[in-house]
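Enquirer: Have a look at this one before I ask anything.
The values are calculated or read from the model by the stated rules, or taken from the named source; none is laboratory data. Since the structure is predicted, the reported quantities are computational estimates derived from the model, not experimental observations. Because the Cβ atoms are built from the backbone with ideal geometry, glycine has one as well, and the counts that use them run over all protein chains shown. Side chains included, ligands, DNA and RNA excluded: accessible areas come from the protein's heavy atoms. Shrake-Rupley method; radii C 1.70, N 1.55, O 1.52, S 1.80 Å.
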Amino acid sequence: MSAPIERIAALFAAAHRTRRPLAIPDDVLLDSPEDAYRLQDAVFAQLWPGKPPAAWKVGSPGEGVEPTGAPIASVHASPARLASAGRSMIGIEAEIAFRVGRDVAMSKDPPTQSDLAASVIEALVTIEICDTRLADWKNASPLWKLADFQSNSALVTGSGTRAWREIDFAVQAVELRIGARTIAARGAHPWGDPFRLLPWAAAHCVRRSSPLRAGDLVTTGSWTGMEFAQPGEEIVARFPGIGEARVRFDAA
């Protein structure tokens, strides 16, 4: 990184607090995902000192592409009501999260998929709320978006099922309603089975000295891409056989 991380983290933290988007300084270059993760950690520590993440987000556009992750500080139970004021955008993603039922030990050897399957106690529906702290987020590099908590603003958690091993995610249906619009898809997760991202997520958290603990949530990426909502609209994400989540944004 071409500038001290503390200075850039302070600018990001100020953008969070003031809700004034950050123009990327000309003298800053992010060279790698590690730079972005260092920024995530520094910003999180400034905004929420001593607080562990309330959840984690992971995702990847498809197999063969290295996943990315980010801590989530704000989690709301469905049905949720959130303010729309001060947001640069209201991005909406319908997702499936997994709740860990016991601590995942910190180890040099990443946990296996079968180990994690034994640790996960529930799959549940979530709505990820996306926003940006970047003034020109559409043209920002993927590393800057990653540094900005991968555009996460909050997570809304809905109902779920403990019988998640019985779900055939390859044919799982999803319905996302935003106001009067409905987006429907089937078997649309980029990795086919979102649980397959859990080993990467667990190893990633260990590398960041924040291993998954009992009760932690890992949400695993959008089934419908990112859609956009307007102030005053209600959003409903429904995965038949699993559950649903709801959030409404106050009118501006």
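Enquirer: Given that compact globular proteins tend to follow 2.2 N^0.38 Å, what is the ratio of the alpha-carbon Rg of the stretch 198-245 to that value?
Expert: Numbers: Rg = 15.2 Å, N = 48, 2.2 N^0.38 = 9.6 Å.
Normalised Rg, Cα atoms only: 1.58.
Enquirer: To continue, here is another question. Farthest toward the dipole's positive end in the chain, which of Thr219, Thr157, Val58, given Cβ charges of +1 (Lys, Arg) and -1 (Asp, Glu) about the Cα centre?
Expert: The one lying farthest along the dipole's positive direction is Thr157.
Enquirer: Once R0 is set to 35 Å, what does the formula 1/(1 + (r/R0)^6) return for the Cβ-Cβ distance between Ser141 and Gln113, expressed as a FRET efficiency to the nearest 0.05?
Expert: Approximately 0.65, to the nearest 0.05.
Enquirer: In whole percent, what relative contact order does the stretch 127-252 give with Cα contacts below 8 Å and a gap of six or more residues? Don't jump to the answer; show the numbers that get you there.
Expert: Working: 170 pairs, mean separation 34.3, N = 126.
Worked out over the stretch 127-252, it gives 27 percent.
Enquirer: When averaged across all projection directions, what area in nm² does the alpha-carbon convex hull of the stretch 39-126 cover?
Expert: Mean orientational projected area (the stretch 39-126, Cα hull): 8.3 nm².
Enquirer: Hey, what D do you get for the stretch 106-215 in µm²/s if you plug the Kirkwood alpha-carbon radius into Stokes-Einstein at 20 °C and 1.002 mPa s? Provide the component values of the computation, followed by the final result.
Expert: Working: Rh = 16.5 Å.
The estimated diffusion coefficient comes to 130 µm²/s.
Enquirer: Next question. Can you figure out the FRET efficiency of Ser209 with Asp250, using R₀ = 35 Å and their beta-carbon distance, to the nearest 0.05?
Expert: Once the sixth-power term is evaluated, E becomes 0.40.
Enquirer: Share of the chain's accessible area from carbon and sulfur, percent, 1.4 Å?
Expert: Answer for the chain: carbon and sulfur cover 51 percent of the accessible area.
Enquirer: Right, something else. Which trypsin sites (Lys or Arg not before Pro) from the stretch 191-252 combine a DSSP loop assignment with at most 13 other Cβ atoms within 10 Å?
Expert: Here the sparse-neighbourhood loop sites are Arg213.
Enquirer: If you average the C-alpha positions of the stretch 177-220 and of the stretch 4-23 separately, how far apart do those two centres end up, in angstrom?
Expert: Here the two parts' Cα centres lie 27 Å apart.
Enquirer: Right, here's the next one. Can you pull the Rg over Rh of the chain, Cα-only, Kirkwood?
Expert: In the chain, Rg relative to Rh is 0.95.
Enquirer: Please give the length that would be gained between Asp27 and Ala77 if that part of the chain were fully extended, namely 0.36 nm times their separation in residues minus their C-alpha to C-alpha distance (nm, one decimal).
Expert: 13.9 nm
Enquirer: Related question: Show me, for the stretch 67-78, the HN-Hα J-couplings you get by feeding each phi into the Karplus relation (A = 6.51, B = -1.76, C = 1.60, θ = phi - 60°), rounded to Hz, glycine and proline as x.
Expert: Each residue's phi maps through the Karplus curve to give x, 10, x, 7, x, 10, 9, 10, 10, 10, 7, 6 Hz.
Enquirer: I'd like to know which of Ser84, Ala94, Ser141 lies farthest towards the positive end of the charge dipole of the stretch 1-145, counting +1 on Cβ of Lys and Arg and -1 on Cβ of Asp and Glu.
Expert: Ser84
Enquirer: Further question on the same structure: Give me a comma-separated list of calculated 3J(HN,Hα) values for the stretch 44-51, in order, Karplus coefficients 6.51, -1.76, 1.60 applied at θ = phi - 60°, integers in Hz, x for any Gly or Pro.
Expert: 4, 5, 6, 7, 9, x, x, 9
Enquirer: Taking only DSSP H segments of four or more residues, each worth -39500 (n - 2.57), what value at 222 nm results for the chain once the sum is divided by all its residues, to the nearest 500 deg cm²/dmol?
Expert: -6000 deg cm²/dmol
Enquirer: Follow-up. Under 5 Å between amide hydrogens, which residues at least 5 positions from Val120 or on another chain qualify, with H placed 1.01 Å from N in the peptide plane?
Expert: The answer is Gly101.
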